[in-house]
Amino acid sequence: MTGYETLLVESVEPHIIKVTLNRPQAMNAMTTRMGEEMRSLFRDFDHSRQPDVRVVILTGSGEKAFCAGADLKERQGMSEDVWRRQHVIFEEACEALWRFPAPVIAAVNGVALGGGCEYALACDLIVAAEHARFGQPEVTRGIMPGTGGTQRLPRRAGIARGKELLYTGRMIDAREAAAWGLVNHVVPASGLMDKALELARLIARNGPIAVRQVKKAVDRGMELPLAEALAFEIEAYNICIPSEDRHEGVDAFNEKRAPVFKNR
C-alpha cells in the first residue's frame, strides 16, 4: 500500500499487514503528518479492498526507536491553538488504533516514549526487543500524557506502578515492562519480527469473526460493570452463531481436519 509519507504499509503474509512508523532520522517521532496518516489508516481502513486483514503488526523503522513521542522540534514555537489542534489529531489517531476491529501487535524495536508508549499501549499485544525501553516522560517537559497514557498504563501495570511511571517520568527496560504486565514477550532484537509474526499467524488462522468479537467484548467489557460486560459478551457471542465460519469450525473438528475460515 502506498500514498503515505511517514508510514510504510505492506502485506507480509496472507491476512497479515505490517505498518512501520518511518521517520528513523527522528526516532520515528510523531509529526502532524504522521498523526494524520495514522488516523487515516486505522480509522478509514478500506476493508472493501482488503476484506480479510486479520492481524496488523505495528513497528518502527530502524533499530533505535519504536516511537520517541511527539516531535518537539516541530512543536518549537508552536502557538497554543496550533498545539491543541495538533493534539486532537494525535488523540484521534490513537483512538482509531485502539478501536481498529482486528488485533494489532506492537513490535517495539527500541524506545517507546510519551506518545510512542501510548501507541504501544493502544495495541492489543506488545512484543519487545531486549533493548526496548518504555516511559511516559511528559511531566519532565511540563505536560502530561494525553492520548491514553494515564488510563491504559495503570490498567496494564496496576495503579501504583502506573502512577510511579507517570509521576516520575522514568523509563523502564523491556524485562521490567514484562514483569509489570505491559509486555507479552521479550526477545532478542534479531528475533523481534519473527516473534510478532508467530503470534500474528496463531491469531490469523482462527475464525476472524470470532477473534474480532472477542476483541470487542474484552475492550468494551473493560469499560462496563461486570453484569453489563457479561451481557455484552453474549451479544458479541451471538454474532458468531449464524456465520459460515462457525459451521466450518464444527465441521472441521468432526472431520478431523484444519478449518478453512472465510470471514463470513
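The values are calculated or read from the model by the stated rules, or taken from the named source; none is laboratory data. Just so you know, these numbers come straight off a predicted model, no measurement behind them. Glycine gets a Cβ as well: all are built from the backbone with ideal geometry, and neighbour counts include every protein chain shown.
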Selected residue (only one of LEU192, LEU199, LEU153 is touching a Leu at 6+ places or on another chain (Cβ under 7 Å), at pLDDT 95 or above, closer than 27 Å to ALA70 by Cα and of a type outside the set (Val, Ile, Thr)): LEU153
Among the residues that make up the stretch 66-83, is at least one of them out of contact with any helix residue (DSSP H, G or I) (no Cβ under 6 Å at 6 or more places or on another chain), of a type in the set (Ser, Thr, Tyr) and within 28 Å of MET193 (Cβ to Cβ)? no
Would you confirm whether any residue within the stretch 35-47 is among the acidic types (Asp, Glu), crowded, with 17+ Cβ neighbours inside 10 Å and modelled with pLDDT under 95? no
Among ALA120, ALA177, which is within 20 Å of VAL218 (Cα to Cα), at pLDDT 95 or above and in contact with a Phe, Trp or Tyr (Cβ under 8 Å, 6 or more places away or on another chain)? ALA120
Scanning the stretch 210-245 for residues that are among the charged types (D, E, K, R) and more than 23 Å from PHE100 (Cβ to Cβ), which turns out farthest from the chain's Cα centre (by Cα)? GLU244
(1) in the same structural domain as VAL55 (by TED's automatic domain parsing); (2) surrounded by 16 or more Cβ atoms within 10 Å (Cβ to Cβ); (3) without any contact (Cβ under 8 Å) to a residue 40 or more places away in the chain: which one isn't true of LEU192, the others all being true? (3)
Sole miss for GLY114 among (1) farther than 20 Å from LYS18 by Cβ; (2) of a type outside the set (D, E, K, R); (3) surrounded by 20 or more Cβ atoms within 10 Å (Cβ to Cβ); (4) free of Cβ contacts under 8 Å to residues at least 40 places away in the same chain is condition (4)
